[in-house]
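Q: Below is the structure I would like to discuss, written out as structure tokens.
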Amino acid sequence: MNVFEIISNTNIDYKEKRHLLALAAENTLSYVNLSVKTEKHLKKGILCDIFEGHAPYRPRYILPDYEKYIKNGSEYLGIKPPKDMYEVVNALMVIYQYVPSITGYPVYVGQLDYILENFLDTVSEGEARNLIKMLLINIEKTLPDAFVHMNIGPKETRAGRIILEIERELKKAVPNISLKYSKEETPLDFAKFAAEVALEIGKPYFVNHEEIKNLLGENYGIASCYNTLKIGGGSYTLVRLNLKKASQEAKDYRDFIDNVLPNVVDSLCEVINARAKFIVEEAKFFETSFLAKEGLIDINNFTSMAGIFGLYECIETLKGLKLGHDEEALKYGEEILDKIKEVIDSNEGYGCFGTDGKIGFHAQSGIDSDIDVTAGVRIKIGNEPSIYNQIKTEGRLHKYFNTGVSDIYVFDKTARQNVDGVMKIIDAAMKSGIKVFALNTSDSELIRITGYLVKRSDIEKYNRGEVLREDTVKLGAESIKNNKTLDRRVREVE
Amino acid sequence: MKGYINKIIENSFIDGPGNRMAIFLQGCNMGCLYCHNPETQRMCINCGRCLEVCSQGALSIKEGKINYNKQKCIGCDRCLEVCSEFSSPKYFEMQSDELVKIILDNEIFLDGITFSGGECTLQTDFIVDVVEKVKQKSNLTAFIDTNGLINENDLNRLISCVDGFMMDVKAIDDNTHRFLTGVSNETVLKNLKLLAKTDLLYEVRYVLVEGYNDSVEQVKYLAELIKNLNDYTRLVLIPFRPLGVKTYFKNLPLYNRQKYDIIYDEIYKVLKDRAIKKD
Ligand code: SF4
Ligand code: SF4
């Protein structure tokens, strides 16, 4: 869209227009410096920066240390350390307006259960509930983007339970919610309640706390779709490699592993590093952000993300095998991921202090305009094998990723009557190495697209051409058309 | 040892506690008018009728025996509709060791397995073989979904190796039972009482069919019976649904919800939380 087309578009609202205009302005600059070879890969669509813009001036994802903010207040915002429930809710609502991101909305709103729990007893039970409800409604109304992500758990808190209860009642796509789940730390009763809620409204995710803790330490958050990053840090950028397209460049499988992959993954790292460097050195983000000045973020916790998607089609193209149905296909999948990881780790990641100087590895969930290519390392929609085989296959693939990988498992409505059974599957998935487990039911009003939720009724409104508040509805509606999202295999029982 | 299997549902939330693999065995000793999966009732006589309606070439006949090609099948179930024998070309033979392997391969996902049918206890030898082998190597539980028409010897063998029974009671009045199922309920009620005295009778299921077995008095009688027999068995009240039914009962409507709720309330008074609602 050119500037006039953005301004005159009747399908988007004022805020979205302003966002697109800013991007258009950014794109009048030339792209960050790249080698000719890498530019070619971008042009061909083998690499894709997901419309991040030519001259990035803020990190894509930021996870401010909200606990520190609540403890110390903020000089820049003129907020004193909150003393009661009113003040903490107000303080949170204020800072959310000041957290930059790629979408313009904060992709991480904090570990809200733990933060709020400390203030719960400063007011009556009824007031506490009303205030939490107000906060959740405020987030939904002022940050209408389904990538806005809240975390709870692993321990049970009263606040955590209230959040789930209210979310169940509100039934909104925003915010995205993750439960850090650990069999040791999360009481069964609380986990079951969370599963019950998830079967109804598609959230929270179940995040494999033990696994992620081992990778990033206790101090991590889940942001945006399902990116696992350090709190007080974030990711400068996410650039992704289309494995389906890359595989079409190869003469054969060997050529792919030995020549094509090292070549394109080097380019992937080059784009990522150039973008990260631009943010730090040209846009001087850390020198200008109050978040950095007040210690709510620290460059030492940052990283960048190298995403991949289309592993399914890649294996299909090169070997004619179907991931999830062939043990051999899985072995090739592992070899491909081994190779990519090896090349990523052979490059220095600019400013990637949060992940030991290496760029984080991410199974990218696809975007609305992807056609006929499967998200991350998932199995093609509609071709999923039995749920057990799906989990066993993907469990082996999830182990490669430190900054986000997930899959979605759709159950039919009988699951709601047997949460014990659902927990059994979730526990088995965690044991199998699944890092982020999303569950949804086939008749749910909230549909999980790739890493975010949209309301069925909003999709219908969008398709009728109505202007909507939530920017992610557009993405969801397009994705459903292009990616056959609704054809995901339902785990039916007769 | 081999068994005849109609289908295996790897992930079932409705066949007993937790997540279970449900194994539907072929063959039954009743012929209920409202049976939802009538294709599990009898063995195939290889008459070849179903061959003619399969548009996918998934069925063929080799040496007088029906052959089914799963890869070609699109699941239209035309073959089941035309089979007048209450059978299916799709059931298959499987060695117990093979089934045991499928179960154990998925052990971490499961709370247990449930044999259903058909009337699974007609293949008690097979069940016992599978269950013993599974239990040697895992902590999975085994449940039996039965219509209650089990001979004494089989019942005793099952009692000594499984962890629970879910038993259908089709009617309390014997004439009604004969009418609905083709057989007397004498053995069923005897087995109900016997199982209730063990700790294995997980639940009793009762399908309400309008005008046949749904008098409040009959259902209450069953609830009282269960209440007096032990303090744990659940009674699941199921509304009749025409889905899948093959006899003239397919023309009956879905069971009236209002009526259902009235009857449920009655048995709730007797059994409290042991009375389970189904929608
Ligand atoms: S399944 Fe039925 S119709 Fe087909 S051959 Fe067997 S008995 Fe005949
Ligand atoms: S269900 Fe399968 S085997 Fe039966 S008629 Fe249809 S395609 Fe043929």
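The values are calculated or read from the model by the stated rules, or taken from the named source; none is laboratory data. In this text, all values refer to a predicted model and were calculated from it rather than measured experimentally. With ideal geometry, Cβ positions are generated from the backbone for all residues, glycine too; neighbour counts draw on all protein chains shown.
Q: Which pairs do you get when a residue that is among the basic types (Lys, Arg), found in the stretch B:35-52, comes within reach of a residue that is in a helix (DSSP H, G or I) and near ligand 1 (Cβ under 9 Å from one of its atoms), reach meaning Cβ atoms under 9 angstrom, with the pair 6+ apart or on two chains?
A: Correct list of pairs: B:Arg49/B:Cys79; B:Arg49/B:Val82.
Q: If we scan the stretch A:183-192, do we find a residue that is of a type in the set (Lys, Arg) and farther than 25 Å from A:Gln364 by Cα? Please lay out each step first, then the result.
A: Pass one, the stretch A:183-192, residues of a type in the set (Lys, Arg): A:183, A:192.
From the residues that got through so far, the ones that are farther than 25 Å from A:Gln364 by Cα too are A:183, A:192.
There is at least one residue in the stretch A:183-192 that is of a type in the set (Lys, Arg) and farther than 25 Å from A:Gln364 by Cα.
Q: Right, something else. Give B:Gly27, B:Gly18 a once-over and let me know the one that is within 14 Å of chain A (Cβ to nearest Cβ), surrounded by fewer than 22 Cβ atoms within 10 Å (Cβ to Cβ), more than 16 Å from ligand 2 (Cβ to nearest atom) and at pLDDT 95 or above.
A: That would be B:Gly18, the only listed residue that is within 14 Å of chain A (Cβ to nearest Cβ), surrounded by fewer than 22 Cβ atoms within 10 Å (Cβ to Cβ), more than 16 Å from ligand 2 (Cβ to nearest atom) and at pLDDT 95 or above.
Q: Next question, about the same structure. Mind checking which residues of the stretch A:150-185 are among the hydroxyl-bearing types (Ser, Thr, Tyr), surrounded by fewer than 22 Cβ atoms within 10 Å (Cβ to Cβ) and in contact with a Phe, Trp or Tyr (Cβ under 9 Å, 6 or more places away or on another chain)?
A: Result: A:Thr157, single match.
Q: How many of the residues making up the stretch B:77-87 are away from every other protein chain (no Cβ under 14 Å), within 10 Å of ligand 2 (Cβ to nearest atom) and buried (at least 17 other Cβ atoms within 10 Å of the Cβ)? Quick ask: steps written out before the conclusion?
A: First pass over the stretch B:77-87, keeping only residues away from every other protein chain (no Cβ under 14 Å): B:78-79, B:81-87.
Then drop every residue that is not within 10 Å of ligand 2 (Cβ to nearest atom), which leaves B:78-79, B:81-83.
Retained after the next criterion (residues that are buried (at least 17 other Cβ atoms within 10 Å of the Cβ)): B:79, B:83.
Residues in the stretch B:77-87 being away from every other protein chain (no Cβ under 14 Å), within 10 Å of ligand 2 (Cβ to nearest atom) and buried (at least 17 other Cβ atoms within 10 Å of the Cβ): 2 in total.
Q: Now for a different question. Please enumerate the residues belonging to the stretch B:80-98 that are more than 6 Å from ligand 1 (Cβ to nearest atom) and in contact with a Leu (Cβ under 7 Å, 6 or more places away or on another chain).
A: none
Q: Select from the stretch B:88-132 the residues that are away from chain A (no Cβ under 12 Å), touching a residue at least 60 places away in the same chain (Cβ under 8 Å) and either among the aromatic types (Phe, Trp, Tyr) or within 16 Å of ligand 2 (Cβ to nearest atom) (or both) and list them in ascending order.
A: Residues satisfying the conditions are B:Ser88, B:Lys90, B:Tyr91, B:Phe92, B:Phe115, B:Phe126.
Q: Sticking with this one: Applying the selection to the stretch B:60-76, what residues are near ligand 2 (Cβ under 9 Å from one of its atoms) and of a type in the set (Val, Ile, Thr)?
A: The one that is near ligand 2 (Cβ under 9 Å from one of its atoms) and of a type in the set (Val, Ile, Thr): B:Ile74.
Q: Next question. Looking only at the stretch B:36-61, filter to residues that are within 14 Å of chain A (Cβ to nearest Cβ) and in contact with a Gly (Cβ under 8 Å, 6 or more places away or on another chain); which one of those is farthest from ligand 1 (Cβ to nearest atom)?
A: Among residues in the stretch B:36-61 that are within 14 Å of chain A (Cβ to nearest Cβ) and in contact with a Gly (Cβ under 8 Å, 6 or more places away or on another chain), the one farthest from ligand 1 (Cβ to nearest atom) is B:His36.
Q: Name, by its number, the condition in (1) crowded, with 22+ Cβ neighbours inside 10 Å; (2) under 30 Å from A:Lys431 (Cα atoms) that does not hold for B:Ser138.
A: The failed condition is (1).
Q: Continuing with this model, one more query. Please specify each residue of the stretch A:415-436 satisfying the condition of being over 29 Å from A:Asn219 (Cβ atoms) and out of contact with any strand residue (DSSP E or B) (no Cβ under 8 Å at 6 or more places or on another chain).
A: A:Gln417, A:Asn418, A:Val419, A:Asp420, A:Lys424
Q: When the residues of the stretch B:62-76 are narrowed to those that are loosely packed, with under 15 Cβ neighbours inside 10 Å and of a type outside the set (Lys, Arg), which ends up farthest from ligand 1 (Cβ to nearest atom)?
A: B:Gln71
Q: Just the residues that are part of a strand (DSSP E or B) and touching a Pro at 6+ places or on another chain (Cβ under 8 Å), please, taken from the stretch A:290-337.
A: Of everything in the stretch A:290-337, just one residue is part of a strand (DSSP E or B) and touching a Pro at 6+ places or on another chain (Cβ under 8 Å), namely A:Phe302.
Q: So, of the residues in the stretch A:33-57 that are surrounded by fewer than 18 Cβ atoms within 10 Å (Cβ to Cβ) and within 21 Å of the chain's Cα centre (by Cα), which turns out to be nearest to A:Phe286 (Cα to Cα)?
A: Selected residue: A:Tyr57.
Q: If the requirement is being at pLDDT 95 or above, touching a helix residue (DSSP H, G or I) at 6+ places or on another chain (Cβ under 6 Å) and assigned to a helix (DSSP H, G or I), which of these qualifies: A:Leu116, A:Leu92?
A: Going through A:Leu116, A:Leu92 in turn, just one is at pLDDT 95 or above, touching a helix residue (DSSP H, G or I) at 6+ places or on another chain (Cβ under 6 Å) and assigned to a helix (DSSP H, G or I): A:Leu116.
Q: Hey, can you tell me all the residues within the stretch B:68-90 that are among the hydroxyl-bearing types (Ser, Thr, Tyr) and under 19 Å from B:Gly57 (Cβ atoms)?
A: Narrowing the stretch B:68-90 to residues among the hydroxyl-bearing types (Ser, Thr, Tyr): B:68, B:84, B:87-88.
Hits for the stretch B:68-90 are B:Tyr68, B:Ser88.
Q: In the stretch A:323-357, what count of residues is obtained for those that are within 28 Å of A:Ile391 (Cα to Cα) and not acidic (Asp, Glu)? So that I can check it myself, show each step before the final result.
A: The first filter runs over the stretch A:323-357 and keeps only residues within 28 Å of A:Ile391 (Cα to Cα), leaving A:323-345, A:355.
With not acidic (Asp, Glu) added as a condition, the list becomes A:323-325, A:329-333, A:336-337, A:339-341, A:343-344, A:355.
Result for the stretch A:323-357: 16.
Q: Among A:Asp189, A:Asp252, which is within 28 Å of A:Thr414 (Cβ to Cβ) and more than 23 Å from the chain's Cα centre (by Cα)?
A: Just a single option satisfies the conditions, and that option is A:Asp189.
Q: Any residue that is away from ligand 2 (no atom under 16 Å from the Cβ), at pLDDT below 95 and surrounded by 15 or more Cβ atoms within 10 Å (Cβ to Cβ) - is there at least one of those in the stretch B:39-59?
A: No: zero hits.
Q: Given (1) in contact (Cβ under 8 Å) with a residue 12 or more places away in the chain; (2) in a helix (DSSP H, G or I); (3) not acidic (Asp, Glu), identify the lone condition not met by A:Pro100.
A: (2)
Q: Shifting gears a bit: Criterion first (of a type in the set (A, V, I, L, M) and either in a helix (DSSP H, G or I) or more than 9 Å from every other protein chain (Cβ to nearest Cβ) (or both)) does B:Ile5 satisfy it?
A: So B:Ile5 passes the test.
Q: Give me a count of the residues in the stretch B:32-86 that are over 27 Å from B:Leu122 (Cα atoms), among the hydroxyl-bearing types (Ser, Thr, Tyr) and in contact with a strand residue (DSSP E or B) (Cβ under 8 Å, 6 or more places away or on another chain).
A: Summing the residues that are over 27 Å from B:Leu122 (Cα atoms), among the hydroxyl-bearing types (Ser, Thr, Tyr) and in contact with a strand residue (DSSP E or B) (Cβ under 8 Å, 6 or more places away or on another chain) in the stretch B:32-86 gives 1.
Q: For residues that are in a loop (DSSP other than H, G, I, E, B) and of a type in the set (Val, Ile, Thr), tally how many sit in the stretch A:103-113.
A: Of the residues in that region, 2 qualify.
Q: Looking at the structure I just gave you, is B:Leu195 at pLDDT 95 or above, over 16 Å from the mean Cα position of the chain (by Cα) and buried (at least 22 other Cβ atoms within 10 Å of the Cβ)?
A: For B:Leu195, the condition - at pLDDT 95 or above, over 16 Å from the mean Cα position of the chain (by Cα) and buried (at least 22 other Cβ atoms within 10 Å of the Cβ) - is met.
Q: Another question about this same structure. Across the stretch A:416-434, what is the total count of residues that are in contact with a Phe, Trp or Tyr (Cβ under 6 Å, 6 or more places away or on another chain), at the interface with another protein chain (Cβ under 7 Å from one of its Cβ atoms) and not small (Gly, Ala, Ser)?
A: 2
One line per residue, one yes/no per condition, for (1) within 14 Å of chain B (Cβ to nearest Cβ); (2) over 24 Å from A:Asp252 (Cβ atoms); (3) in contact with a helix residue (DSSP H, G or I) (Cβ under 8 Å, 6 or more places away or on another chain):
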position: A:Ala306; (1), (2), (3): no, yes, yes
position: A:Gly320; (1), (2), (3): no, no, no
position: A:Gly333; (1), (2), (3): no, no, yes
position: A:Ile344; (1), (2), (3): no, no, yes
position: A:Cys352; (1), (2), (3): no, yes, yes
position: A:Lys358; (1), (2), (3): no, yes, yes
position: A:Gly366; (1), (2), (3): no, yes, yes
position: A:Lys380; (1), (2), (3): no, no, yes
position: A:Glu384; (1), (2), (3): yes, yes, yes
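Q: Looking only at the stretch A:386-400, which residues are in a loop (DSSP other than H, G, I, E, B) and away from chain B (no Cβ under 14 Å)?
A: A:Lys399, A:Tyr400
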